[in-house]
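For reference, the structure discussed in these notes is given below.
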Amino acid sequence: EIETWMKENDIKILALQETRIGTNSKEARGSYTWYWSGENKQIDEQYTAGVGFVVENKFAKYIEDIIPHTDRIIQIQLKGTCKINLICVYLPPAPRPEEDKEKTYKTLEKLSKK
């Protein structure tokens with residue numbers, strides 16, 4: 001189980017890719033909160049994207065914002081002495097259409113310029 005592994009290894013935030021969760025949502029599970037970013041607008045058994053973060057609840061006080069950009073990019077903003085941005089990216093695999101890859105690269109480029 002992911003939460004047990006996080007606790008044993010003292011991991012406060014974990015990024016996930018290929019979650020296959022097709023919605024933007026938040027789910028509290030015990031000592032951790034799961035944040036999902038997905039855009040599966042149609043029922044598709046082949047849907048393999050989806051990204052997310054798992055955050056230990058004690059660490060949640062540092063979260064300023066969770067931004068689900070696409071089903072392949074999610075961002076978490078943390079507050080502290082300086083603002084920290086973590087971006088979880090799941091790039092489209094080689095067999096995916098070029099337009100899917102370009103869309104993801106353009107979104108990532110726009111974020112990195114901020």
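We did not get these values from a lab; they are worked out from the coordinates using the rules stated. As the structure is a computational prediction, the values presented were derived from the model and not from experiment. Heads up, the Cβs are rebuilt from the backbone with ideal geometry, glycines too, and the neighbour counts pull from every protein chain shown.
So the values come out like this:
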{"item": "Positive minus negative residues near Ile21 (Lys, Arg vs Asp, Glu; Cβ under 12 Å)", "result": "-2"}
{"item": "Relative contact order for the chain, counting Cα pairs under 8 Å that sit 6 or more residues apart, in percent", "result": "21"}
{"item": "More than 20 Å apart - percent of Cα-Cα pairs taken over the chain", "result": "44"}
{"item": "Estimated 222 nm signal from helices in the chain, with DSSP H stretches of n ≥ 4 weighted -39500 (n - 2.57), rounded to 500", "result": "-6000 deg cm²/dmol"}
{"item": "Distance in nm between pseudo-label sites at Ile84 and Ala15 (7 Å out along the Cβ direction from Cα)", "result": "1.3"}
{"item": "Peptides 92-105, 49-62, 11-24 ordered by average Cβ neighbours within 10 Å, highest first", "result": "49-62, 11-24, 92-105"}
{"item": "Convex hull of Cα atoms in the stretch 44-96, direction-averaged projection (nm²)", "result": "4.8"}
